[in-house]
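Undergrad: Pasting in a structure now, in structure tokens, and then I'll have a few things to ask.
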């Protein structure tokens, strides 16, 4: 005879790693146990040899128990107790995944040059994105400022925080040199001056490039792709070598 099990319960058991045949066997034991493997097979219109595997799995999961009778009978564990056992098993598997598998997946993700993000950054989010580039970098930080809009109090505070952790180099267009720039130099930021720089940016573990739009506003592009980061570093080094030291009285 066909065992009627609600489809929603079948789907739930599937999520828990319990297949359709195992679920049917479980509900027979739950509703008709104690019951022998032979009688379970009769309920499923199959041979006894085909129910031992699902029965053994259900026993190992703690959902049912096997008696010492001859022939052995199977009986369901009280559902709430069985659920707690299954829940503990799932949590243990998740913890094992987090400890053993997830770090390997993360290493593959970080090491893959085919996986990358490119984000267009509107003017309102540029300082926030610049902060992310600077404060999340575990290496040296290179910055280029050609736009006075970037020399906000928030930006200065970000650089002062960063210079306490990593080496910070700042390339500034001569047209926007101010007392804030001089103050950064005195606090340990390496600063050089250049002329006619058309774009701004920040380079760390990721890169942010900023340019002016036709209407005079700012727009940025951010990426964590190693190819873009490397290009930005090479170009920055070129500009840095052509620039001159900041001098002040």
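Undergrad: Within 30 Å of residue 213 (Cβ to Cβ) and either assigned by TED's automatic domain parsing to the domain that holds residue 147 or assigned to a helix (DSSP H, G or I) (or both): does that describe residue 125?
TA: yes
Undergrad: Looking at this structure, is residue 121 surrounded by 15 or more Cβ atoms within 10 Å (Cβ to Cβ), out of contact with any strand residue (DSSP E or B) (no Cβ under 6 Å at 6 or more places or on another chain) and at pLDDT 80 or above?
TA: No, not satisfied.
Undergrad: Checking the conditions here, which among 158, 126 is touching a residue at least 40 places away in the same chain (Cβ under 8 Å), closer than 30 Å to residue 234 by Cα and surrounded by 14 or more Cβ atoms within 10 Å (Cβ to Cβ)?
TA: 126
Undergrad: Let me ask something else. Within the range 26-49, take every residue that is touching a helix residue (DSSP H, G or I) at 6+ places or on another chain (Cβ under 7 Å) and over 18 Å from residue 69 (Cβ atoms) and give me the one that is surrounded by the most Cβ atoms within 10 Å (Cβ to Cβ).
TA: Out of the qualifying residues, it is 26.
Undergrad: Also: State whether one or more residues within the range 64-78 are without any contact (Cβ under 8 Å) to a residue 24 or more places away in the chain, surrounded by fewer than 14 Cβ atoms within 10 Å (Cβ to Cβ) and in a helix (DSSP H, G or I).
TA: no
Undergrad: Being surrounded by 11 or more Cβ atoms within 10 Å (Cβ to Cβ) and modelled with pLDDT under 90, is that true of even one residue in the range 97-109?
TA: So far as the range 97-109 goes, yes, one or more of its residues are surrounded by 11 or more Cβ atoms within 10 Å (Cβ to Cβ) and modelled with pLDDT under 90.
Undergrad: I've got another one for you. Looking at residue 141, is it closer than 24 Å to residue 238 by Cβ and under 27 Å from the mean Cα position of the chain (by Cα)?
TA: yes
Undergrad: Residues that are in a loop (DSSP other than H, G, I, E, B) and more than 30 Å from the chain's Cα centre (by Cα): does the range 24-37 have at least one?
TA: For the range 24-37, residues in a loop (DSSP other than H, G, I, E, B) and more than 30 Å from the chain's Cα centre (by Cα): present.
Undergrad: Look through the range 190-223, keep the residues that are within 25 Å of the chain's Cα centre (by Cα) and surrounded by fewer than 17 Cβ atoms within 10 Å (Cβ to Cβ), and return whichever of them is modelled with the highest pLDDT.
TA: 221
The values are calculated or read from the model by the stated rules, or taken from the named source; none is laboratory data. On a predicted model such as this, the values are computed, not experimentally measured, just so you know. Reconstructed Cβ throughout: ideal geometry from the backbone, glycine too, with neighbour counts over all protein chains shown.
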